[in-house]
Amino acid sequence: MTDTTLTTPPKIPKIYVDADACPVKDEAEKVATRHKMQCLLVCNGGLRPSANPYVEMIFVPDGPDVADMWIADRAGVGDVVITGDIPLAAKVVESGARVLKHNGEPLTSANIGNVLATRDLMTDLRAADPFRQGGGKPFSKADRSRFLDALERAVQAAKRDIA
């Protein structure tokens, strides 16, 4: 007698990059290549396609949060999402994906609530004072190195999540 039970294929981890205005696309591609995993760069357009076989460009229609919704609908356990968009991060953390900000800071179920609250507070402060000047410091080599290290750890942990 043979076993005819169907099994689902194993989950293949992916790196999803919210690519519009992302300063670490090259670093994500480098880590994806090292781990031989698919890297999906999701954007509204304006990016040059990569010749790397591990990188796939996903062009979504223009519109508010279209790229975010595309990623949120697909990312889950075993995946790593790179984004600076806090509401997107909250959605994919809830689905079990690992999330990194561009500076390498992980967003997890333990800290996403505070990060969302801070984002909302800062939005309110900017609305109350339209002359408030903001902006961050330029992205440095040290920032890139810190991100690469954090992405490497996140990919290794994501692989363990599905093992």
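Data for the structure
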| read-out | value |
| --- | --- |
| Cut-off under 5 Å, modelled amide H: who pairs with Val99 long-range | Val81, Leu107 |
| Computed FRET value (nearest 0.05) for Gln156 with Arg48, which takes r as the C-beta separation and R₀ as 35 Å | 0.75 |
| Cα pair distances of the range 1-114 binned at 10 Å [whole percent] | 14, 45, 28, 8, 4, 1 |
| Full-extension gain in nm, Asp73 to Ser109, via 0.36 nm per residue minus C-alpha separation | 11.1 nm |
| Filtered trypsin sites (Lys or Arg not before Pro), the range 14-93: DSSP coil and at most 14 other beta carbons within 10 Å | Lys36 |
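Values quoted throughout were computed directly from the atomic coordinates according to the rules given, and no laboratory measurement underlies them. Predicted model, so just to flag it, every value in this text is computed and none were measured. Neighbour counts are summed over all protein chains in view; Cβ atoms, including those assigned to glycine, are modelled from backbone coordinates with ideal geometry.
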